[in-house]
Every structure is written in C-alpha cells, then in structure tokens.
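So the structure is just underneath, and the comments pick up after that.
The values are calculated or read from the model by the stated rules, or taken from the named source; none is laboratory data. Only a predicted model underlies this, so the values are computations on that prediction, with no experimental measurement involved. All Cβ positions, glycine included, derive from the backbone under ideal geometry; neighbour counts span all protein chains shown. What goes into the accessible areas is simple: the full protein's heavy atoms, side chains included, and nothing from ligands, DNA or RNA. Shrake-Rupley method; radii C 1.70, N 1.55, O 1.52, S 1.80 Å.
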2 protein chains.
Amino acid sequence: MKNIVILGSTGSIGRQTLEVIDLHRDKFKLIALSARSNVDLLIEQAKKFRPQYVVITNGNTDKVRKELAGEKIEILEGYDHLSTIASLPQVDIVVTALVGFAGLIPTLTAIEHGKDIALANKETLVVAGEIVTRKAAENNVKILPVDSEHSAIFQCLMGEENSAVEKIYLTASGGPFRGMSRNDLQHITKEQALKHPNWSMGNKITIDSATLMNKGLEAIEARWLFGLRPEQIDIIIHPQSIIHSLVQFVDGSIKAQMGLPDMRLPIQLALSYPERLPNDFPRFNFMDYPQLTFEKPDTQVFRCLAIALEAMRKGGNYPCVMNAANEIAVYAFLSDQIGFLDIADIVEETLNKAEYIQSPDIDTYLECDRKARETAEQIILKKS
Amino acid sequence: MKNIVILGSTGSIGRQTLEVIDLHRDKFKLIALSARSNVDLLIEQAKKFRPQYVVITNGNTDKVRKELAGEKIEILEGYDHLSTIASLPQVDIVVTALVGFAGLIPTLTAIEHGKDIALANKETLVVAGEIVTRKAAENNVKILPVDSEHSAIFQCLMGEENSAVEKIYLTASGGPFRGMSRNDLQHITKEQALKHPNWSMGNKITIDSATLMNKGLEAIEARWLFGLRPEQIDIIIHPQSIIHSLVQFVDGSIKAQMGLPDMRLPIQLALSYPERLPNDFPRFNFMDYPQLTFEKPDTQVFRCLAIALEAMRKGGNYPCVMNAANEIAVYAFLSDQIGFLDIADIVEETLNKAEYIQSPDIDTYLECDRKARETAEQIILKKS
C-alpha cells in the first residue's frame, strides 16, 4: 500500500491520477489533495476519496470548509501548505501536477523529506534540474517521470546501465501546425492552437506543443532526469504519437516504448513502479496504425524549439529565464494580447536581456524567474 | 574475459560471431571452433584466432591436420566431439550456430556442464524446448538468444518481471513474396526464394523466411525461451525489418527493440550480456526510414505459418515432426525436387501421418525426428 499526495488534483494530470488510484484502491491510498481555485471539483474529489488533508492555494476556502464540514478532512489554505502535505510523515509518493514554476518549492520540500516524486511538473527540472536531481540523489529519492516521453525513456532504461546510453530520441507529434510555414502561422488563433491532434491536455502545455517549446522543455527535463549531455538528446517528429520516445545504446541497439496516447499509463507506472499493474485501458493495435512516420522538426518555423535547445546547451539560468518568459508569453497569447509567432520573439528577447549566471542557487533562480517575467511582460506591453 | 566455443563457425552466424570476437579481443577468448565440411574456411579461422580445439564433423580432416600442423591446436573429428568442446571446463559460453536438428545434443551437453548458451540454433527449442529450458533452469544456465527477434524480446524484458508480460509480437519482414497470391507462388524458383529483402542468411533459413515457416519456428522458440502460452504470441508483418520484435505488458505499455538489420548486434549482446559493449556498427537513422509499416500475415497464402502455429498449440512431438518434415522439404526445394508450395503440403501431410505424443523424452524426439524425415522423403518421392 502506497500513500499518495497529489499537488494539483484538479488539472488534467491530477484528475487522471485520481482515476488510476480509483482503479487500484488496494494498492494506493490518497493522503492529501491540493487545488488552486477549482474548489467545486476539489470538493467532489475530497468527498469521493476522503483524504486526510486538502489544500486550497488561491480559492474559496470557506466554501470548501462548508461543503466538507461533515468529513474528517483537515482543510488548509495557502501555497505554503503544499509543502506541509508534501512532507507528511505517512506519505510515500508526491505527485507534482502543478502547472509551471509553482511546482519547484513543494517538490524540493518533498525530496528533502525523502518522498519519491511522480513528476508531472516539468518546470521543476527545466528551471533547477541540477539542484533537484542532486538533492534527490542525496536523499535517496526516486524521481519517477509522468510525462509520456520521459516515462518512455525511463521504461527503456529499466534493467540497463545508464553508462550504456549513447543517445535518446524524444518523439513529438509536431502539434496542430506541423508542416506549416511561418506565413501560415501568422494569423493562427488560440482556438486553432488548442486543438492538439493526439493528446488532451491543459491549455498551457497544449500551446507549448503547438510551438514545439514543449519538446525543448522536455529535452532539458530529460537531460537532468537521465544524466545526459545536451548532444545526446535528439528530437524526432512522429505525428501518430504511438512511439513515446527511444533510447539508443552504445552497441547500436535501440529500445522504444509505445502505446496509445493515454496519460494514465505513465501515471500508473510512476505510482506502481517497480511493479506493473494490470488494467483494462484500451490496447494498441497495429491494424489501427499500419504506418508510423517520422520527420525532422522544422526549427526555422518552430523557433521555440531551437531557442530551448540552445538554452539547454548554455545551461545556467538560461532555461529558467526561457521558461519564465515562455509562461508569460503563452498566457498573453491565450488572452489574445499577442500572436502565435510572437511567443518565440518574446522568449528570445527576454533571454537576450537576461544576465547569464553559470550556477545559480535556488534563491537566484527565484530572482531570475521573477525578473524574466517582468521583462517578458514589458516586451508584451510594448508590442500591444 | 569470457571463454567461448562456437559450434558451426563457418556458417553465417559463426562467421559474424568471429567478427564480433575479433572486435573485442580484450573481452572474448575463442577456445574452440567446429565446422561440418567447409575445411578451407575453418583452417583460415583457426589460423587467425588460434583456438585450443577445432572439430570437423564431416569433412577432410587430413587437410586440416596438414594445414594446422604448425599450430598448437588439437584437431578432433566427428559429431560426438561437438559435445567434447561444448563441455570443456574452461568454457563460459557455447555459441550454437549449427543448422537444424544437429544442434540439440551438443546444446544439451553444454547445458548439463553449466555453460551459458548463445542460442542461434532454433531447432533446439522448437524440437525439445520444454526439456531444454527445464535443464537450463536446473543447471542455472542462461540461454541468450541470438536470433534478432528473440534478442529483441530479451532486451525488452531486461529489468522487467516475466509475470508482467501480456503478450509479445514477433515481427516478420514477410520475405521476398509478401503480397503475392498462391497463384503467383506456383512457379517460384529457388533463386527468387533465396533473395531476402533485408537479411543475408544461410539458405535454409532464407527459404524458411520466404514460406514464413521461420516465423512459426520462432514463435515456438519464443514460447519456451520466455515461458509464454501460445495465445500470448502474435506475428506482425513489418517489411522494413527495423523493429525486431515487441513486448506488451499487463499495463498496456509496449516495448520494442529496433535497429538496422545486423546480426552482429544480437550476437554481441549474447556474448557480452549483461554488459553492452560499444561498437561502430552502422547506426539506424530515422531519415532513412521515414515510414515503418505493419500488416497482418496472410496465412491462407503462407500456410507454413498457420501449420507451425497450430503445431505450437498442440505441442508434444508435433513441433519436432513439423521441423523435421520442413527441413527435408526445404532441401528438396533447394535441389529442385519440389515446388515452393509443396513445402507446406509435405509438412502438413507428414504431421497428418505422425502419431501424437504428449510428453516425449529425448530418445523419443530423436525417433520422431527420424520417422518424420522418412515420411517426408516418401511423400516427396511419390510427388516426383
């Protein structure tokens, strides 16, 4: 029986994590849930799973207190309490399904308290991968990836020596705008950008998939998660999203992990590892996918990917700055302040204005993140 | 340093095994070689690798003695001496690269003497898989597959529990006659059948690839190697021969092993396992294979596959009988005695005439093999 905390239970990953827990009540026990502002869904989840704690970081806590009055659930308010539930002594695994930079501090707290991490918050590693993975090693904590690509790499590495890895391929669907020119992308609307061909995800990550920034963030994440050099990471476009990623070993052998696009699978494995639990999720059938295709990403058109890979190579605070600027730019696009192609411009300009810092500590990262957001916002203001 | 014996060093697998040993002289030491009748190549190999023993089972031993007179190499003659070199105390791994049924007895001898087996002789498991795998378990012997498909499954299972396997897919190129009708196959010549699209192999296995019997033999081999039920084994046609096989786990996740068709890779892994050794074999590049395709095998046209899968389900002595009849039929086809489509007919008729035996011992297998060959030869005589 594993005791589980979910940070961010009302988002896409959080909801699917609860689905997985529901399927295996004999294996997993939910200890605590958190949500930012979607209190109605949080209340519903709390009533169904009866955790010991719920945290609301920025929502109507009074409503939660009223609705859950009859339950034996402790109700906590505020961002700092994410760290409270991430460090409870009875907890085995913390699922970090928060969106964006907010995931970093509670994840570090969980690691310092020896909790295994089911990592769905990629910003944690993008921003501070070196510190986070070092602390995980020091605390003998496993970081179990929930992203389908990183779970694929993780699965391909089971039973293998890390030193036997020659390179990895992260696969990318290419998003809804694959094959388009910069001209085509000039007047893309957010509605178009939010239509991902294969995956149903939150809005931020769906836009990141459309710009290919998501793949750049994943490359940086993979670098830290698997201890790779930047030149060991390659990106390949695979529109069907069936092969979730691949590892090439020093003997030339390649292992791939495949399956229907279904986030419940990597979520379940992150929770059950090293065991695999049976389930009745739909199975892949070759007859539905008689062709799997591959192409090179077009980094001339999808400049966010090139920018991200360059930030990975430079390292230091650059991925942190890039991530902050991208977050601001994506939300500006989602609120119709800027165009689709502006996202890359804003990220690039923010990076150009940032001071390079080789080995920041956590406080410096927080400061770089804050400053980069400010810079990006100023650039957006000037544009509009 | 691993001490290695190669049974069948002048065939395709034997030669490539020597290539791998040559690349890693610091890791592998060749103790003994054997050949049936290709003494010229055997002499050349012996001069290059200076093993302690060579065995000629059916060739010009005098010539070998004369040519190797100056070397400190013990020269042995006759089939029984395969067991002599397979059981030498200093040997760690025996590579069984003999063609056909002849591999069984020396493989069993090696297992009884605690040698790990790099298994390239699939008939060993097809005929007597239950006995061979039981003896391997009793003697704590690893059977390391050399076939690319079984090596693929083996690699996908590294770090996984056997109980986590839901099913496996063995991939098949489909051979040179994929997509043809029975009518098209009526007047196929051996020259056409010997042109395999992707793999360069010996004649027997190349014909088996053209009839798809090879995939049936591999299914039976996989059954024993990985402890599967027949219904857990599926065959999928994949003409590019890049994905070498796949495992689907109980959680729905699929792992595939891929790479360019190059037998040196599975050979090297069988010798180096659990380590992977670096090499400079050509690497797979997605840009050379922008499409990987999949289709169902046509068992109406390629009846050998249906016959083999049925023999697998029935078990007992049926795979042994089928294998013997197929060996006779393939050699009859190669010597222009019968047509391509006759192969399946002869195998089926031989099976129909055989008595079913549920759990044969080794002597019974030898007897079934002998009788099946006789029956198949009689059927061929009647046809011609």
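A few points about this structure:
- Averaged over peptide A:285-292, the number of partner chain Cβ atoms lying within 10 Å of each residue's Cβ comes to 5.
- Nearest-first distances (nm) between copies at A:Lys135, label 7 Å from Cα via Cβ: 5.8
- Neighbouring partner chain Cβ atoms per residue of A:268-277, average, 10 Å criterion: 3
- Residue-by-residue Karplus 3J(HN,Hα) for segment B:336-353, coefficients 6.51, -1.76, 1.60, Hz, glycine and proline x: 6, 7, 9, x, 4, 6, 5, 4, 4, 4, 5, 5, 5, 5, 4, 4, 4, 8
- The local environment of B:Pro266, defined by Cβ-Cβ distances under 10 Å, has a net charge of -3 under the rule Lys, Arg +1 and Asp, Glu -1.
- Two-site label geometry, A:Glu295 and B:Ser163: point separation in nm, points 7 Å out along Cα→Cβ: 4.6 nm
- Chain A: most fluctuating residue of A:Glu161, A:Glu374, A:Glu348 per GNM, C-alpha cutoff 10 Å: A:Glu161
- For segment A:172-255, size of Cβ-based charge dipole, Lys and Arg +1, Asp and Glu -1, in debye: 160 debye
- Anchor B:Lys2: aspartates and glutamates whose Cα lies under 14 Å away (excluding residues fewer than 8 positions away in-chain): B:Asp22, B:Asp26, B:Asp92, B:Asp116, B:Glu275
- Residue list for segment B:9-30, given a label point 7 angstrom along the Cα-to-Cβ vector of B:Asn279 and an amide N cut-off under 15 Å: B:12-29
- Of all lysines in the structure, those lying under 19 Å Cα to Cα from B:Lys255, and not within fewer than 8 positions of it along the same chain, are A:Lys167, A:Lys255, B:Lys167.
- Simple label model, 7 Å out from Cα along Cβ direction - B:Thr364 to A:Glu19, nm: 5.1 nm
- Long pairs among A:Lys29/A:Lys371; B:Lys115/B:Lys195; A:Lys47/A:Lys115; B:Lys27/B:Lys47, criterion Cα-Cα beyond 29 Å: A:Lys29/A:Lys371; B:Lys115/B:Lys195
- Here chain A has 46 percent of its accessible surface on carbon and sulfur atoms, given a 1.4 Å probe and all protein chains in place.
- Between A:Thr350, A:Thr107, A:Thr61, the residue with the greatest mean-square fluctuation in the GNM of chain A (Cα pairs under 10 Å linked by springs) is A:Thr61.
- Projecting the Cα atoms of B:Ser173, B:His113, B:Ile93 onto the dipole axis of chain B, where Lys and Arg carry +1 and Asp and Glu carry -1 at the beta carbon, places B:Ile93 farthest toward the positive end.
- In this assembly of identical copies, the label point of B:Glu19 (Cα plus 7 Å along Cα-to-Cβ) is separated from its counterparts by 4.8 nm, sorted shortest first.
- A/B buried area, accessible surface, summed, 1.4 Å probe, Å²: 3600 Å²
- Point-to-point label distance, B:Met1-B:Lys72, nm (Cα→Cβ direction, 7 Å offset): 1.3 nm
- Karplus-derived HN-Hα couplings along segment A:144-152 (A = 6.51, B = -1.76, C = 1.60, θ = phi - 60°), whole Hz, x at Gly and Pro: 9, x, 9, 3, 5, 5, 6, 5, 4
- Cα centroid separation - segment B:296-310 against segment B:51-105, whole Å: 37 Å
- Nearest to the axis that brings chain B onto chain A is this chain B residue, judged by its Cβ, with the distance in whole Å: B:Gly159, 1.
- Across segment A:315-384, Cα pairs under 8 Å and at least six residues apart give a relative contact order of 49 percent.
- Residue of A:Thr109, A:Thr299, A:Thr211 that the Gaussian network model of chain A assigns the largest fluctuation, springs spanning Cα pairs under 10 Å: A:Thr299
- Rolling a 1.4 Å probe over the protein heavy atoms gives the protein assembly as shown an accessible area of 39 Å² per residue.
- For chain A, the dipole from Cβ point charges (+1 on Lys and Arg, -1 on Asp and Glu) about the Cα centre works out to 560 debye, to the nearest 20.
- Computed about the Cα centre, the dipole magnitude for segment B:315-384 is approximately 140 debye when only Lys and Arg (+1) and Asp and Glu (-1) carry charge, each at its Cβ.
- Rel. contact order, % - alpha carbon contacts under 8 angstrom, at least six apart, chain B: 14 percent
- Whole-Hz ³J(HN,Hα) from phi, Karplus 6.51 cos²θ - 1.76 cosθ + 1.60, for segment A:161-167, glycine and proline x: 7, 4, 5, 8, 7, 8, 7
- Label-point spacing at A:Gly159 relative to the other copies reads 1.0 nm, in ascending order, each point sitting 7 Å out from Cα along Cα→Cβ.
- 222 nm mean residue ellipticity, helices alone, for chain B (DSSP H n ≥ 4; -39,500 (n - 2.57); rounded to 500): -13500 deg cm²/dmol
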